[in-house]
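Just below is one structure, and these are the notes that go with it.
Read-outs: derived from the displayed coordinates by stated rules, not from any lab. Predicted model only: the values in this text are computed from it and were never measured. Glycine gets a Cβ as well: all are built from the backbone with ideal geometry, and neighbour counts include every protein chain shown.
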Amino acid sequence: MILFENARLFDGLGSALRDGHHVLVEGERIREVSDKPIKVSSAEVIDLKGRTLMPGLIDAHFHAMAADPDFSKMEFLPRSFLHQHARHLLEAALQRGFTTVRDAGGADYGLAMAIKAGLIEGPRLFYSGRALTQTGGHADFRSLEAGGDPCFCGQSAHIFGAIADGVPAVQQAAREELRKGATQIKIMASGGVSSPTDPIWNLQYSEDEIRAIVWEATSWRTYVMAHAYTPEAIARCVAFGVRSIEHANLIDAPTARACAEAGAYVVPTLVTYQMLERFGPELGLPAVGLEKLKVVRAAGVKSLEILKAAGVSVGFGTDLLGAMQAHQSHEFAIRAEVLSPAEILRSATSVNAALLNAEGELGVVAPGAFADLIVVDGDPLEDLALLEAQGAHLQAIVKGGRFVKQTL
């Protein structure tokens, strides 16, 4: 058991720190939270002396396997090579205080199993498997010069996306990812920056295809997340039952209201556009991607204003690729242009936990929740920069009741 005494508590739900709190951890979970001293005889006692204790952070749009910003290049790299990159990226995220990530395409059961077995000292992993895409969609990384009929047999199967066209094909593709343990299904519903042949405004997948995928996910008691930028792409996804909208840079007010009315979540990923603009050319982002980046980059912060005004549940995600993941925590500073620190921290804790269907288990400091905790040397509600600097201001990181960092 671990007993944290004299903490300033951010529980993941409120808007202020609560002084003089004590938290008892037993096994993997939190046993007790109290504003009075907790008497226990056999616990390791840690006096936080007024430091902030809060839930571990959750990144709801992560790419563990994304070693490089050029997806067409990565599809031909050996899986063993990409897995080593994934280990590095996952372990670095945990050291920044992200105790849970939702992978948006590429990660699989093997990575999740390696984390559970302790072979990778990484966050809890909610993985989508391969994202489903139509031919020429955002996860079809073939160039204009490439031939058709890609092989998906055995080791030739693509890593980040599965091309499936038509209702029977998308049903089979969704069932295959669910069979392999996917915790949610990812689809591509509009054009994107990283794909070579589809403009941003391109609508992807028909109504029948999206509804079929949603049905398959629902049958497994899970949900669909959709890459979508434009109002039309977002609106049709929400109307067809998609629960989680990724990016949404170009969203407008009526579409945001439709998201709120449907109870859909939106996960902006603003830091990736800033870093792609800054580092993309030197890291090998193809020229076509740099051109499409201009369309979505400027609209990002405005989308936060629209989402806030509509009362949408806004999750926290980053979508960074390769070496740019070192800037994962800079998403906090970008969002602070529009949102309050408390709103941002709730997005990265309890809101994301609800999105992951883990409400009350993750993203909160409460009895019965998993003991995924970070100790911040200062007040993050006053200074969000305390969550940057690669975890330098985090004096302890706990995942599942076990210290992965302890410098107190």
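You can think of it this way: the chain between residue 91 and residue 215 has 41.2 nm of extra reach, that is 0.36 nm per residue less the Cα-Cα gap.
Convex hull over the Cα atoms of the chain, averaged projected area in nm²?
Averaged projected hull area, Cα only: 18.3 nm².
Each principal axis of segment 1-82 carries a Cα extent, and these read 57, 31, 19 Å when sorted largest first.
For segment 81-96, backbone phi angles converted through the Karplus equation (6.51, -1.76, 1.60; θ = phi - 60°) give residue-by-residue couplings of 5, 5, 5, 5, 4, 4, 4, 4, 5, 5, 5, 5, 4, 4, 5, 8 Hz, Gly and Pro being listed as x. One Cα centroid belongs to segment 62-131, the other to segment 218-232; the line between them spans 21 Å. In a simple Cβ point-charge model (Lys, Arg +1; Asp, Glu -1; nothing else charged), the chain has a dipole of about 580 debye relative to its Cα centre. Each semi-axis of the equivalent ellipsoid for segment 268-408 is √(5λ) with λ an eigenvalue of the Cα gyration tensor; in descending order they amount to 28, 19, 14 Å.
Legend: ranking of residues 57, 111 from fewest to most surrounding C-beta atoms inside 10 Å; resulting order 111, 57. Database remark: amide H of residue 45 closer than 5 angstrom to the amide H of 3 (H placed geometrically; neighbours at sequence offset of 5 or more, or on other chains; Pro and chain starts carry no H). Result for the chain in a Gaussian network model with C-alpha springs under 10 Å: among 182, 93, 112, the largest mean-square fluctuation is at 112.
3J(HN,Hα) couplings calculated from phi for segment 109-116 with the Karplus curve 6.51 cos²θ - 1.76 cosθ + 1.60 (θ = phi - 60°) are, in sequence order, 4, x, 5, 4, 5, 5, 5, 5 Hz; Gly and Pro show x. Taken over segment 156-285, the ratio of Cα radius of gyration to 2.2 N^0.38 Å equals 1.08. Distance distribution P(r), segment 322-379, all Cα-Cα pairs, bin width 5 angstrom from 0: 4, 17, 19, 24, 21, 12, 3, 0 percent.
For the chain, what is the mean residue ellipticity at 222 nm derived from helices alone (per DSSP H run of n ≥ 4: -39500 (n - 2.57); sum divided by total residues; nearest 500 deg cm²/dmol)?
Helix-only estimate at 222 nm: -9000 deg cm²/dmol.
When averaged across all projection directions, what area in nm² does the alpha-carbon convex hull of segment 229-308 cover? Please report the intermediate quantities before stating the final value.
Values: hull surface 20.8 nm².
Here the figure is 5.2 nm², rounded to one decimal.
Between residue 232 and residue 6, the FRET efficiency estimated from the beta carbon spacing at R0 = 51 angstrom works out to 0.45. Placing R0 at 30 angstrom, the Cβ-Cβ distance between residue 26 and residue 79 gives a FRET efficiency of 0.20 after rounding to 0.05. In plain terms, the chain from residue 169 to residue 301 could stretch by 43.8 nm, reckoned as 0.36 nm per residue minus the Cα-Cα distance.
Other residues with beta-carbon under 12 Å from the beta-carbon of residue 102 carry, at +1 per Lys or Arg and -1 per Asp or Glu, a net charge of -2. For segment 253-262, backbone phi angles converted through the Karplus equation (6.51, -1.76, 1.60; θ = phi - 60°) give residue-by-residue couplings of 4, x, 5, 4, 5, 5, 4, 4, 5, 7 Hz, Gly and Pro being listed as x. The chymotrypsin sites (Phe, Trp or Tyr not before Pro) of segment 1-80 that DSSP puts in a loop, and whose beta carbon has at most 11 other beta carbons within 10 Å, are 76.
Running Debye on segment 1-150 with equal point scatterers at the Cα sites and no solvent, what base-10 log of I(q)/I(0) appears at q = 0.10, 0.15 Å⁻¹? Log-scaled intensity ratios, in q order: -0.52, -0.86.
Under 8 Å for C-alpha pairs, at least 6 residues apart: give me the relative contact order for the chain, rounded to a whole percent.
It rounds to 20 percent for the chain.
Electrostatic bookkeeping for residue 50 treats Lys and Arg as +1 and Asp and Glu as -1; over the other residues with beta carbon under 11 Å from its beta carbon, the sum is -2. The protection proxy used here, the mean number of other Cβ atoms lying within 10 Å of each residue, ranks peptides 285-291, 351-357 as follows, highest first: 351-357, 285-291. The length gained by stretching the chain between residue 308 and residue 36 to full extension, at 0.36 nm per residue less their Cα-Cα distance, is 94.3 nm. Build a GNM of the chain with springs between Cα atoms under 10 Å apart, and of 35, 68, 140 the one that fluctuates most is 35. Note on the chain: with a GNM built from Cα contacts shorter than 10 Å, the maximum mean-square fluctuation among 83, 61, 247 falls on 83.
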